[in-house]
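A.B. asks: One structure coming up, written as structure tokens, with questions to follow.
The values are calculated or read from the model by the stated rules, or taken from the named source; none is laboratory data. In this text, all values refer to a predicted model and were calculated from it rather than measured experimentally.
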Amino acid sequence: MKKKKTKTIEDLAISIKEGFKEQDKKFDSKIDNLARMVQEEFTILNKKIDSLHNDIAELRSDIDDIKLCIGNMAFRFEIKDIEKRLRRAEIKLGINR
């Protein structure tokens, strides 16, 4: 009778060991899937960040172009002031338009 009991305990130990191995495999598989999903999301985020960097570079270039245009352009108030001064000079010189 003792042999049968020892064998049952050994069988139980083997069964438990195999159960833990199976759980380890399932757990490892879940971790691998999670790691793959996280990697895919980081890849997508990196592409979006690269796209944003390109957009920002293009905006900076456009802003530089606008600054150049504004720097070379006379402002409206300056033009009005020059027109007033020209009109006074024409009146003093007797030139009528």
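A.B. asks: How many residues does segment 59-79 contain that are in a helix (DSSP H, G or I), over 29 Å from the mean Cα position of the chain (by Cα) and of a type in the set (A, V, I, L, M)?
C.D. replies: Residues that pass the stated criteria total 3.
A.B. asks: Out of 9, 31, 56, 82, which single residue is modelled with pLDDT of 95 or more and part of a helix (DSSP H, G or I)? Spell out the reasoning first.
C.D. replies: On the way: 9 fails: modelled with pLDDT of 95 or more; 31 fails: modelled with pLDDT of 95 or more; 82 fails: modelled with pLDDT of 95 or more.
Only one candidate qualifies: 56.
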